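**Q** Got a structure for you, questions after.
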Amino acid sequence: MRRFCALLCLSAIGVADDNRSLPDRTRQYLVDLIKIDSSNPPGNETAVANYLKQVADSHAISCDLMGNDDKRKNFVARLKGSGRGRPLLLMAHSDVVPVERKEWTVDPFSGENRNGYIYGRGAEDDKSLLAAEIAVLVEIKRRNIKLGRDVILLSEADAEANSSGIQYMLQHAYQKIDAEFALNEGGSILETKDGPKIFEIETAEKIPIRLILTAKGTAGDASLPRADNPITHLNRALLKLSEAEQPAKLNATTRRYLRDISKLAEYSWLAPLIRTLDNPNAAIQQAAASQIRAKDPELDAMLHTTVAATMLNAGTKNNVIPTTAQAQVDVRRLPNETKEDVIARFRQTINDPAVDITLAPGPQLPATDPSPMTTPLYLAMGHAIGRTYPRDLVVPYMAPGATDSSFLRAHGMPVYGVPVFVRDAGDTRVHGNDERISPKNLEDGVELLWQIVLEIAGGGQ
Ligand SMILES: [Zn+2]
């Protein structure tokens, strides 16, 4: 039923939106995109690709659907430039994470406007960026703006699970997305209490590792408790891991980030602590990290590899002690530590021969160097943001979460998480319930993206 309605609604788009403003068109695209349920699994991203194709076709923008799964196509569009520079790639993912429907107060696939917000799965992650990017392409085309380089849009499938979309493009159609550099999700704007905004350009990411902890013991009747009960051993291991201090380490991105934000009144408390973080004495360094954690847990996550237990599996019957107990833990590793370092340290912390640590099956994201702060795109973002928001701060940022940017970075392409939308610190609903974005946030965001794209790709002759 939903599908039928979606198709009906879409058929009107190409003709209806010709004279809308850039923000109006973006808002319409976002609501339309939210209405297409692309929860992953199963994804069904082809429905998103078909929608984008319809928009592109109605404005004579050349595009393709690409991928080896008919239900999970990527969408690629291109506006030609003069060729003076190599292409700019705009990317966003077309899938969303599933919803816990009973926890939502609105239909997550309605795009409903309530209390001054647009609600729906994908409103923040990542359909707002996708809507803004296709709207910018349409705007360039409508105004017939001459470009100095091609501008490519990639809407990729499966970013929320196995990254099969970006991997398909890399392996089978790289020439379609080959670019000098790219903009993706991962950046955001942080509002501070005393006024200035912090525009966080994501240049680096922490690297996820999924680990399995397996405790082994002897099965037996629960009426005779055993010291080698694997559930007890696993519990102890998880507790030790969660309570252990992971060493604090700065890299070029986080050092610069902390130094720059410490110039703001709200973060001036950081200045003396940053110096202490480089102290070779582990105890002194840890004390500084603890002070940062007490004030701002998000900043603290930038300093360490983090670990969170996420899944448990043990036992089949209440009166039987099982032979094994298993837990999965989600680790976000600092890019300057190897996974071997991390696993060795965890083994030492757990210090129990009954508990083994292995890597969970499935793909591991590649580890990459940060994208440089010296490329024309990074500098163009600084200029465009500085023009529109002269009082505010632009900083490089290492995101705690992972995106598909790492695949392109590993391929040698600089990729930046573009800070166009304000993130609600303390009330982020990304992957949560009642995900939403305010129309003002969306409008300001697409205007800024427009400025950035023109700054780096405009002016062709
Ligand atoms: Zn995302």
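**Q** Looking for whichever is among the aliphatic types (A, V, I, L, M), over 27 Å from ALA457 (Cα atoms), within 16 Å of the ligand (Cβ to nearest atom) and modelled with pLDDT of 95 or more here; the options are VAL99, VAL106. Which one fits?
**A** Unique residue meeting the criteria: VAL99.
**Q** Go through the range 62-83 and count every residue that is under 20 Å from ALA159 (Cα atoms) and either part of a strand (DSSP E or B) or in contact (Cβ under 8 Å) with a residue 40 or more places away in the chain (or both).
**A** Of the residues in the range 62-83, 12 are under 20 Å from ALA159 (Cα atoms) and either part of a strand (DSSP E or B) or in contact (Cβ under 8 Å) with a residue 40 or more places away in the chain (or both).
**Q** I need the full set of residues from the range 413-436 which are among the β-branched types (Val, Ile, Thr) and over 16 Å from GLY120 (Cβ atoms), in order please.
**A** Matches in the range 413-436: VAL415, VAL418, VAL420, VAL422.
**Q** Under 23 Å from the mean Cα position of the chain (by Cα) and within 30 Å of LYS216 (Cβ to Cβ), is that true of THR316?
**A** No; evaluated as a whole, the condition is false for this residue.
**Q** If a residue must be hydrophobic (A, V, I, L, M, F, W, C), part of a loop (DSSP other than H, G, I, E, B) and more than 16 Å from the ligand (Cβ to nearest atom), how many such residues does the range 384-405 contain?
**A** Residues flagged as hydrophobic (A, V, I, L, M, F, W, C), part of a loop (DSSP other than H, G, I, E, B) and more than 16 Å from the ligand (Cβ to nearest atom) within the range 384-405 amount to 0.
**Q** How many residues does the range 292-331 contain that are touching a Leu at 6+ places or on another chain (Cβ under 6 Å) and either free of Cβ contacts under 8 Å to residues at least 40 places away in the same chain or in a helix (DSSP H, G or I) (or both)?
**A** Residues meeting the conditions: 1.
**Q** Also, quick follow-up: In this structure, is ALA344 modelled with pLDDT of 95 or more and surrounded by 16 or more Cβ atoms within 10 Å (Cβ to Cβ)?
**A** no
**Q** Turning to a different aspect of this structure: Of everything in the range 112-128 that's away from the ligand (no atom under 16 Å from the Cβ) and within 21 Å of the chain's Cα centre (by Cα), which residue is surrounded by the fewest Cβ atoms within 10 Å (Cβ to Cβ)?
**A** Once the filter is applied, the top-ranked residue is TYR119.
**Q** Same structure again: Looking at the range 423-440, which of its residues are closer than 21 Å to LYS193 by Cα, in contact (Cβ under 8 Å) with a residue 24 or more places away in the chain and within 16 Å of the ligand (Cβ to nearest atom)?
**A** ARG423, THR428, ARG429, ILE437
The values are calculated or read from the model by the stated rules, or taken from the named source; none is laboratory data. Just so you know, these numbers come straight off a predicted model, no measurement behind them. Quick reminder, even Gly has a Cβ in these numbers, built from the backbone with ideal geometry, and neighbours come from all protein chains shown.
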